Amino acid sequence: MTGIAPLANSIRRKLEAAFAPSALDIVDDSARHAGHAGAIRADGGHGETHFRVRIVSQAFTAMSRVERQRKIYAVLSEELAKSVHALQLDARAPDEVGPDGVTGAKPLR
C-alpha cells in the first residue's frame, strides 16, 4: 500500500476487516474541492477530506442501499467525526455487478 495516504489506508483497513470485499476502490477527491471550507481539515491541513468509495461485498446481500450506507458509516465513524467532510458511496452485493466486478457500477475514475 505504498503511496496511499494515512486516512485512505485506515478507511481501506476498516472496510476490509468489516466487509471482506471482493472489490474495493477508494479515491481521494479532495483536490477537486480545494477552496471550499470542507476541504480544510480540523488540524488546518489540506487533503484527505473528500472520498469516493466503491465496495462490493457479500455482506451487502439483501440489504437496502440505506442499510449499507449506515453500516459503512458506523465502521468509519471515527474518520467521519474527525477528518472526512464528504464520503460518496457505491456499495453493492456481488450479484449486482457483472463478471468483471464493475459492470453496472458507477465508474470512479
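Take D100 and decide whether it is at pLDDT below 90 and either in contact with a helix residue (DSSP H, G or I) (Cβ under 8 Å, 6 or more places away or on another chain) or assigned to a loop (DSSP other than H, G, I, E, B) (or both).
Criteria met by D100.
What pairs come up if the first residue lies in the range 75-95 and is among the β-branched types (V, I, T), the second is crowded, with 16+ Cβ neighbours inside 10 Å and part of a strand (DSSP E or B), and their beta carbons are under 8 Å apart, counting only those six or more places apart or on different chains?
V84/H50; V84/F51
The values are calculated or read from the model by the stated rules, or taken from the named source; none is laboratory data. Quick caveat: nothing in here was measured; it's all calculated off a predicted structure. Cβ sites come from the backbone with ideal geometry, for glycine too, and all protein chains shown count toward neighbours.
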